[in-house]
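Note sheet for the following structure.
Just so it is clear, none of the values below were taken in a lab; they were calculated from the coordinates. Given the structure is predicted, the values throughout are model-derived calculations rather than measurements. Here the Cβ positions follow ideal geometry from the backbone for every residue, glycine too, while neighbour counts run over all protein chains shown.
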Amino acid sequence: MAPKMIKKLGHLVMSKRLLLITLSCLVSSWATPINAQGWTAKQQPEITNFYKSLPHNVTSDGDICWFGSSSWSTWCFASGQSVDQHNKRTISGRYYKQYSTEYEQVIYESMNLRRLEGEPGILTTNQTWRINDPGDSGSSPIVVQGSTNTRCRSSIDGSIGQTYSGSDNYSYQGTRRGSCTSTNDGYTIPGRAPDPGGYEQFNKAVEVKCSDMTYRRYGSSHISGWSKVNNKFKQAHYQFWCDRRTWLPVVSKQTMKDLIR
């Protein structure tokens with residue numbers, strides 16, 4: 001067989017292998033969010049068809065990216081074969097997005113939404129954040145100079161005289177000055193200890209309000225305000241489950257708080 005023909009056949013075999021690997025990753029990726037909660041035979045095809053109907057691309061690592069081509073521009077469903085900007089394997093079964101900020105955030109969100117107990121119009125899920133904290137060199141204390149005031153007692157009858165400042169050594173109220181007390185209204189702003197920063201991973205909870213498609217996030221010590229959901233995939237994803245929230249199990253607020261500790 002001619003060398004050129006052998007070379008073409010070799011490329012064809014490699015292309016077929018790549019196609020099979022991509023299809024295998026795609027089937028595996030679609031199955032993860034679909035089967036994660038034990039959907040019924042009627043629900044499962046509806047869920048599958050919804051996610052497949054959204055505009056998407058499949059990366060060479062098998063990630064599914066909706067309304068974009070990579071996790072730098074949109075949210076992608078992690079196959080678990082890709083690597084994020086922290087050089088760590090992506091969290092399989094979650095969708096994620098990367099940000100080119102000083103913190104190099106990578107946010108992974110669970111596909112599994114729940115109804116929040118006592119709040120029928122609010123759905124909730126959890127996120128895992130990976131960041132690179134740039135750290136802080138710290139700061140020294142700052143002394144703010146104030147003014148000194150002195151009050152003295154009479155050396156004769158102990159009565160308190162007028163406040164004075166500076167080097168006033170004269171007697172007052174017809175008596176000589178006795179014991180004196182000085183005060184200064186200056187103060188010190190404490191400094192900050194250095195923070196080396198570095199890689200961190202932590203969890204947050206997300207709440208989605210179905211009535212106006214807004215969301216908020218909270219961690220162990222901070223809760224954000226409500227913001228509009230602007231990302232196209234998230235809008236579609238949240239709306240789909242808001243319309244089918246009776247399918248979802250109920251979870252308590254305390255359970256969600258326990259997940260982020």
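Observations on the structure shown:
- If you take all other residues with their beta carbon under 13 Å from the beta carbon of Tyr99, and give Lys and Arg +1 and Asp and Glu -1, the sum is -1.
- Highest mean packing comes first when the peptides 108-115, 75-82, 216-223 are listed by Cβ atoms within 10 Å, giving 75-82, 108-115, 216-223.
- 16 Å cut-off, amide nitrogen to a point 7 angstrom out along Leu54 Cα→Cβ, residues in segment 234-253: 234-245
- Three-way shape label, segment 78-142, alpha-carbon gyration tensor, a/c 1.5: oblate
- Packing order of peptides 64-73, 121-130, highest average first: 121-130, 64-73 (average count of other Cβ atoms within 10 Å over each peptide's residues).
- Estimated FRET transfer efficiency (Gln43, His222; beta-carbon r; R0 30 Å; 0.05): 0.25
- Summed side-chain charge close to Leu123 - residues other than Leu123 whose Cβ falls under 10 Å, Lys, Arg +1, Asp, Glu -1: +2
- Other residues lying with their Cβ under 14 Å from the Cβ of Asp136 contribute a combined charge of -3, Lys and Arg counting +1, Asp and Glu -1.
- Peptides 205-212, 193-200, 100-107 ranked from most to least packed by the mean count of surrounding Cβ atoms within 10 Å: 205-212, 100-107, 193-200.
- Shape class of segment 34-143 from the alpha-carbon gyration tensor: oblate, with a/c at 1.5 or above and b/c at least as large as a/b.
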